[in-house]
Amino acid sequence: MGRRPARCYRYQKNKAYPKSRFCRGVPDPKIRIYDLGRKKASVDDFPLCIHLLCDEKQQISSEALEAGRICANKYISKMSGKDSFHMRVRLHPFHVIRINKMLSCAGADRLQTGMRGAYGKPYGTAARVDIGQVIFSIRTKDNNKAVVIEALRRAKFKFAGRQKIIVSKKWGFTKLAREEYVEKRAEGKLQPDGCYVKYLSEKGPLKAHFAKTLRALA
């Protein structure tokens, strides 16, 4: 017997049902990789950030997330190279979906109990998504804008419902607006920290302050 179509599990009906000591025997989610591309790129390398937003309150299965991730990754890698971006999957499929298996063989009516004890067995996982929640985020260089938008447009076809592509005003994955980032970086108030930046506090010993400032300007 094959998988049920995702339309059976599209809407958020009940409470979240995560994997726990009471809910055992849950199959592993299809999606395993949540960060891809050039993950170790410095915060200065990729100033542009583009998000794929969900526009409906619904559930997205782990299979659909994996299909969307592969689709976007393949297109960008083909068009601008595998080191030209850093993509992050922002949803995690923690919600367990259930199935009440019915027998369809001959003489099934003797074995089957119909709707008696209809609480199903774990069958797969899905992510519960709200309106305006980010599905994918991609940071890249400004000249790759069209390629990334097209990749996310293609990834949209893997999901039910409606999604929107938003070009962020922030610098990469940081919380700072682009103008603010450039200004603070020039003043030496920020220190790169992987995909993000650290604020340099003005409090503390002078010796430490000078050392931090020299490191940030380096």
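For the listed residue pairs Lys40/Lys189; Lys74/Lys101; Lys30/Lys78; Lys141/Lys203; Lys74/Lys141, the alpha carbons are over 27 angstrom apart in Lys74/Lys101; Lys141/Lys203. In the range 114-218, the portion of solvent-accessible area held by carbon and sulfur atoms comes to 57 percent [1.4 Å probe, whole percent, DNA, RNA and ligands not counted].
Note on Gln112 and Lys78: their simple-model spin labels are 4.3 nm apart, each label 7 Å out from Cα toward Cβ. At each listed q (0.08, 0.09, 0.10 Å⁻¹), what is the log10 of I(q)/I(0) that the Debye formula gives for the chain modelled as equal alpha-carbon point scatterers? The Cα Debye sum returns log10 ratios of -0.42, -0.50, -0.59.
Dividing the summed -39500 (n - 2.57) terms of all DSSP H runs of n ≥ 4 by the residue count of the chain sets its mean residue ellipticity at 222 nm at -8000 deg cm²/dmol.
Ile31 sits among other residues whose Cβ lies under 11 Å from its own Cβ, and their net charge, with Lys and Arg +1 and Asp and Glu -1, is 0. Among the trypsin sites (Lys or Arg not before Pro) in the range 50-117, those located in a DSSP loop and surrounded by at most 13 other Cβ atoms within 10 Å of their own Cβ are Lys82, Lys101, Arg116.
Rolling a 1.4 Å probe over the protein heavy atoms leaves Val182 with an accessible area of roughly 80 Å². What's the longest bit of the chain with no exposed chymotrypsin sites (Phe, Trp or Tyr not before Pro), using DSSP loop states and at most 14 other Cβ atoms within 10 Å as the test? Longest gap between qualifying sites, sites excluded: 35-118. Summary: within the chain, the longest segment free of GluC sites (Glu not before Pro) located in DSSP loops with at most 12 other C-beta atoms within 10 Å is 1-186. Calculated on the Cα set of the range 1-64, radius of gyration then Dmax: 16.9, 50 Å.
Restricting the trypsin sites (Lys or Arg not before Pro) of the range 127-168 to loop positions (DSSP other than H, G, I, E, B) with no more than 16 neighbouring Cβ atoms within 10 Å leaves Lys141, Arg162.
The magnitude of the dipole of the chain, with charges of +1 and -1 set on the Cβ of Lys/Arg and Asp/Glu and taken from the Cα centre, is near 740 debye.
Each residue, Glu150 and Asp130, gets one label point 7 Å from its Cα in the Cβ direction; the gap between the two is 3.5 nm.
The values are calculated or read from the model by the stated rules, or taken from the named source; none is laboratory data. Bear in mind that the values here come from a model prediction, so they are computed numbers and not experimental data. So basically every Cβ, Gly included, is an ideal-geometry build from the backbone, and we count neighbours across all protein chains shown. Side chains are part of the model used for accessible areas, which takes the heavy atoms of the whole protein and leaves out ligands, DNA and RNA. Shrake-Rupley method; radii C 1.70, N 1.55, O 1.52, S 1.80 Å.
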